[in-house]
Each structure stands twice: as structure tokens, then as C-alpha cells.
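No value in this document is a laboratory result; all are computed from the given coordinates. For clarity, every value in this text was computed on a predicted model and none was experimentally measured. Every residue, glycine as well, gets a Cβ built from its backbone with ideal geometry; the counts of neighbours run over all protein chains shown.
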Amino acid sequence: MSSEKSSCPPTVVSSTSSKGPDLKNAKESKVVEDIKKAIENKDFLLAASITQKYLEDTNNIPLNIAVTGESGVGKSTFVNAFRGIDNRDERAAPTGEVETTMKPEAYPHPTYPNVTLWDLPGIGTTRFPADQYMKHVEFEKFDFFILVSAIRFNENDAKLAKEIKKMGKKLFFVRSKIDHNLRDAQRSQREYDEEKILQKIREYCIQGLEKQGVESPQVFLVSSFDLHLYEFPALQDTMERELPSHKRDVLILALPNVCKSTINKKKEVFRSQIKYYALLSATVAAVPIPGMSIMVDVGILVKVLQGYLFGFGLDKMSLEKCSSATNTPLDELRAMLNCICSGKDVTKELVLLMLKSTTVALIGLAAEEGSRWIPFIGIPIAAALSFTTIYTFLSSILNKLSVDAENIVTKALGIK
Ligand SMILES: Nc1nc2c(ncn2[C@@H]2O[C@H](COP(=O)(O)OP(=O)(O)O)[C@@H](O)[C@H]2O)c(=O)[nH]1
Ligand SMILES: [Mg+2]
């Protein structure tokens, strides 16, 4: 079980200052205009299909993360941990082996297959010079690189780092196996001071890289066995800030739930999509096919709620994994759950039950953003009720699930 501490940084509101034009907002504005036009023309099916396509496209944007470094430094373990997979899992990248693979191996995220972690052969394993190595691993396809070292970054690492930068790619340095260093120090130092040791390791890595000509390296101290400790949360924030806006949400959803700020960011990503799901329901409601609306809604809602559970780690399997990984009895985790669908398989029956029990209480409590959207996008009166109902329903469930997710993280990881 992990220690009581967490280096969870405060929630940072994503800035749009990063690289290039704001593709997400540009695309969103265009889609909203197209939907408005379709609704003006009373072509609700077209409005629905534009909305559906937008949601599908947004949720399928590819993100490719390359993990490289010399053999044995913990690359494969990091790839597994990032995907929330134990080294012993059958989907895991093999670990603790002499590196023989010469080509990058793809490991898709178990919940978001559009996100792929790539386990690269060490540059020393391939014996290529840095420029050939980059060609060999087909560097163009990666959104960014993570360069791992378990002691210090050596000459090979520095050469590769410079080549990665030269090719215009983002790079973050991870100093792995920090738990190992701290355990060693605890056993051998009379006055053990964790902060001082971490500072020393960080400075040693940064100075080493600078001496080899790498400018302003960002080094993050990580234990892949305890991602919530040390600087993985800070690495998450940095990766997110450095990505272009249209990829940022994709990364956020795929991040392991290692601190409350991750949960909050996921909640915001989910929240930003609610109006489109409500719109889907409204456009269907505007089409005069009796009885059609509620069935379509329920099908959509099942999928959306399942997505929330997977994203927050509140599905049955994630809870079981969390229980065994943190030695927290499953019953104790389940006792933290308040939302009716947390830890369950979401079925149409369950959603209908939830709709019955929650919307009655919420009717009239039109969520602000939701109600602002109705006249803005020109939703007809007949469909507005459907829009408001779904909007309010999803917002309310999302709030409850995010509280459950925070409680689970707090309990299982001992985060304050
Ligand atoms: N204590 C500790 N051991 C680690 C960590 N990361 C990897 N290891 C161990 O280091 C060994 C090599 O890891 P692996 O991921 O196979 O390294 P790779 O060759 O770079 O892919 C394995 O025995 C791992 O269990 C870590 O963060 N902490
Ligand atoms: Mg490996």
C-alpha cells in the first residue's frame, strides 16, 4: 500500500496558449454553425448526423506516445502503468527481459483504443546513430516522446534528445524507479530526508543533460509502481499543456486516475460533450416518429454512462483491479459509492430506472448552459424538453460519478 502522500498538483485550467491554431474551437464553431443551419431548415436528421459525427470524430482523435530509453530502465513498466495495466496482465508489455525487439511495439489503451503507447527499442539496442534511429522508429507519427532513465541520462540519451528536438517533437524526461532510490536511502542514511533526496536526483539528472548540451530539460521523478506519488501528476499536467487543444481532451480521458485533479479534468471533458448528447436527443425528438425519442435516448445514455464509468475507473473490473492493486477490500471501496450506476453494468433497464428517479426531481432545474443553448441553436419547443431532460440528467449523474471517483481515489491511494 502506498504512503499517505501525494504530489497531486492543483487543478490547472487548460490554457489554449499552446502550439498552433486552436483546432478544437475552430472545428466546434463550424459544427455548431452547421447544426444551426440544419435546424433552421427543419432538417433534424441532418442536425443529428452532424452532431453524431462530431462526437465520434472528437472521441477518435489518435494520440501516439513514444516511450524510449536504454534497456532495463523501466520503459515497458511505464507503458503498462500509464495504461492502468499491471505488469502481470496478459495485455501488458513484457517486462524484466533482455531487450531484443528492434521495432516499436504498439500498446493500445484498454479503454481508448485511439490512444497508443509505443514501447520503443533502446537506441543502444538498435545501435543506430540518433538520426537513423528516428527514421527507424518512424518518429513522425508520435505526438510526443518520453525518454526514460533509471540512473542518469547518458550520452545516447542526450544525442537522442537533441535529435527529437531537432525534428520538432516534444520530449519529457522521466527518471524512473524513484521508489527504489528512496528505499535504499532509508536503509542507509541516518538522517533520511525524502525531499532532499528527490531534489538531489532531479538536479543530478538536469545538470547531466545540460552538460551534454540539452537545453532546459524537464525531468520528472516517477515510480511506475506508485504513479500517484512523486512527479507523475506534474508530468500529466505538462503533457496536457504542451499538446494542441484538439488532442488535449483525448489525453485527459486516457490518463490514469492518480489524483483528484485528473478526475476533475475528466469531468470537464465529459461535461463539454453533454450538450451534444442532449442535442442528439432533441433532434430525434423533433422528428415526428412517435415513441422513437425515448428508445434512442436510452441507447445513447447507456453508452455515455458506460463511458463515464470507464473513464473514472468506476466500472466493475476497474474497482476490482483497484482493490487488489492497493490492498483495499472491495467492500470498502463499494461503500464509498453513492451513484446508482457506480460499479454496475449499465443496462437500458437501469438507465430507465435512473431517468424515472432523477428527472422528476430535476425538472424545472434547467442547467444554465443547457437552457442558454436552446434559443441559441434554435431548438424547436417540442424538442426543448428532451434537450433539457437529457442535459440535466447527464449533468447530475456526471456530478455524482465524479464525487464517487474522487472518493475511490482518496480511499485507495490514501490521498488527502
Ligand atoms: N522499483 C521499481 N522497479 C521498476 C520500476 N520500473 C521498472 N522496474 C523494474 O525494472 C525492471 C526493468 O523494467 P522494464 O520495464 O522491463 O524495462 P525496459 O527494458 O526499459 O522495458 C523490471 O524488473 C521492472 O519490474 C519502478 O518504477 N520501480
Ligand atoms: Mg521493455
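Enumerate the calculated ³J(HN,Hα) couplings along the stretch 115-130 in order (Karplus 6.51 cos²θ - 1.76 cosθ + 1.60, θ = phi - 60°), each rounded to whole Hz, writing x wherever the residue is Gly or Pro.
Result, rounded to whole Hz: 9, 10, 9, 10, 8, 8, x, x, 4, x, 5, 7, 6, 7, x, 3.
What is the Cα centroid distance between the stretch 96-121 and the stretch 217-283, reported in whole angstrom?
Using only Cα atoms to place each centre, the spacing works out to 21 Å.
Taking springs between alpha-carbon atoms closer than 10 angstrom, which of F78, F139, F173 fluctuates most in the Gaussian network model of the chain?
Comparing F78, F139, F173 in the GNM, the peak value goes to F139.
Spelling out what I want: for every residue of the stretch 203-214, take phi, set θ = phi - 60°, compute 6.51 cos²θ - 1.76 cosθ + 1.60 (Karplus), and round to whole Hz; glycine and proline get x.
My calculation for the stretch 203-214 gives 4, 4, 5, 5, 4, x, 5, 4, 4, 8, x, 8 Hz in order.
For the peptides 405-415, 103-113, what is the packing order when you average, over each peptide's residues, the other Cβ atoms within 10 Å and list the highest mean first? The partial results should precede the final answer.
On the way: 405-415: 21.4, 103-113: 16.3.
So the order, starting with the most tightly packed, is 405-415, 103-113.
If you average the sequence gap of Cα pairs under 8 Å that are 6 or more apart and divide by the length of the chain, what percent do you get for the contact order?
On the way: 615 pairs, mean separation 85.9, N = 416.
So the answer I get is 21 percent.
What is the fewest-to-most order of M134, M167 by other Cβ atoms lying within 10 Å of their Cβ?
On the way: M134 21, M167 16.
With the sparsest Cβ surroundings first, the list reads M167, M134.
What ranking, highest mean first, results for peptides 40-53, 230-243 when packing means the other Cβ atoms within 10 Å averaged over each residue? Display every interim value, and only then the final one.
Values: 40-53: 16.7, 230-243: 21.0.
In descending order of packing, they fall as 230-243, 40-53.
Pick out, in residue order, every one of the trypsin sites (Lys or Arg not before Pro) in the stretch 115-157 that is DSSP loop and has at most 14 other C-beta atoms within 10 Å; say none if there are none. Walk me through the numbers on the way to the answer.
Details: sites: R127, K135, K141, R152; in loops: R127, R152.
Those that pass, being in a loop and sparsely packed, are R127, R152.
What list of ³J(HN,Hα) couplings, whole Hz, do you get for the stretch 228-236 from phi and the Karplus terms 6.51, -1.76, 1.60, once you set θ to phi - 60° and write x for glycine and proline?
Residue by residue, the stretch 228-236 yields 6, 8, 6, 10, 5, x, 5, 4, 4 Hz.
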